[in-house]
Amino acid sequence: DQQVKQNSPSLSVQEGRISILNCDYTNSMFDYFLWYKKYPAEGPTFLISISSIKDKNEDGRFTVFLNKSAKHLSLHIVPSQPGDSAVYFCAALITGTASKLTFGTGTRLQVTL
Amino acid sequence: EAGVTQFPSHSVIEKGQTVTLRCDPISGHDNLYWYRRVMGKEIKFLLHFVKESKQDESGMPNNRFLAERTGGTYSTLKVQPAELEDSGVYFCASSRFNEQFFGPGTRLTVL
């Protein structure tokens, strides 16, 4: 039972344009969401997070939007750079217990010149 | 501040052998997690330590896997005896609050 879903396995975007990565979840108990970036042969690197009490969080070129009613979140990268090419994982957890992350299957982003 | 470190980076063993993976968390992080990624699929939770206590081991696949965190510092994950389906990348993460910070992983290949 996939509780966190990333339905696009890959995305290609031109340098300078906006990259939008999507994530859906089914467990309404999730109240904290995170995005991780992963390069080959490395561990996931934390990018940005959002609590369910917010609908937007911004950090530099990265913005995460949360739509609780739709159980949907998205990561926007503006402007996209070649170094952003990586696999992006959406993850969710239930706070209060410092609990486990439930991951999506990832979206491979390719930023082209 | 040093990040999460894992040893070894790669391990190739034969079916039936034993392997021990080690994780050193970020200093001061009470929470330590083990995850596994098999065949390039999603990263799946194995277990969670708070200091030296196992908080949640619901993701451990079977009793061939044994995790310890003596003294609440580094952790080991032992697989004994290893089976073919244990192949994958084993990640360790640590946290103080909600954001978990991952190590580079140990790639385990069971032949």
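The values are calculated or read from the model by the stated rules, or taken from the named source; none is laboratory data. What you see is a predicted model; the values in this text were computed from it and never measured. FYI the Cβ positions are ideal-geometry reconstructions off the backbone, even for glycines, and counts take in every protein chain you see. In case anyone asks, the SASA skips ligands and DNA or RNA and just uses the protein heavy atoms, side chains included. Shrake-Rupley method; radii C 1.70, N 1.55, O 1.52, S 1.80 Å.
Probe radius 1.4 Å, ligands and nucleic acids left out: which of B:Lys44, A:Lys71 has the largest accessible area, and how do the rest follow? Please list the in-between numbers first.
Working: B:Lys44 115, A:Lys71 65 Å².
Most to least solvent-accessible, the answer reads B:Lys44, A:Lys71.
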Probe 1.4 Å, protein heavy atoms only: B and A together bury a total accessible area in Å², to the nearest 100, of 1600
To the nearest whole percent, what portion of all C-alpha pairs in the range A:37-77 is separated by more than 14 angstrom? 51
Spin-label model distance (nm) - B:Arg64 vs A:Ala41, 7 Å beyond Cα toward Cβ: 2.8
In whole Hz, with x marking every Gly and Pro, tabulate ³J(HN,Hα) for the range B:77-86 from phi via Karplus 6.51 cos²θ - 1.76 cosθ + 1.60, θ = phi - 60°. 10, 9, 10, 8, x, 6, 10, 4, 6, 7
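Report, as an integer, the average count of C-beta atoms from other chains found within 10 Å of each Cβ along A:38-45.
On the way: counts 5, 0, 0, 6, 4, 14, 11, 3.
That average works out to 5.
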Cα principal axis extents for chain A, largest first, Å: 42, 28, 22
Convex hull volume per residue for the protein assembly as shown, taking Cα atoms only, in Å³: 123
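DSSP beta bridges in chain A, what fraction antiparallel, as a percent rounded to 5? List each step's numbers first, then the result.
Values: 36 of 41 bridges.
That works out to approximately 90 percent antiparallel.
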Computed about the Cα centre, the charge dipole of chain B from +1 Lys/Arg and -1 Asp/Glu charges at the Cβ has a magnitude in debye, to the nearest 20, of 140
In whole angstrom, the spacing between the Cα centers of the range A:1-61 and the range B:95-111 equals 18
So what are the ³J(HN,Hα) numbers for the range B:49-61, from phi and the Karplus equation (6.51, -1.76, 1.60; θ = phi - 60°), rounded to whole Hz, Gly and Pro as x? 9, 10, 6, 9, 9, 7, 7, 7, 10, 5, x, 5, x
Would you mind calculating the gained length between B:Lys54 and B:Ala2 on full extension (0.36 nm times residue separation, minus the Cα-Cα distance), in nm to one decimal? 16.3 nm
If you project the alpha carbons of chain B onto their three principal axes, what span does each projection cover, largest first, in Å? 37, 23, 22
I'd like the FRET efficiency for A:Gln14 and A:Ser74, computed as 1/(1 + (r/R0)^6) with the beta carbon distance as r and R0 of 22 Å, rounded to 0.05. 0.70
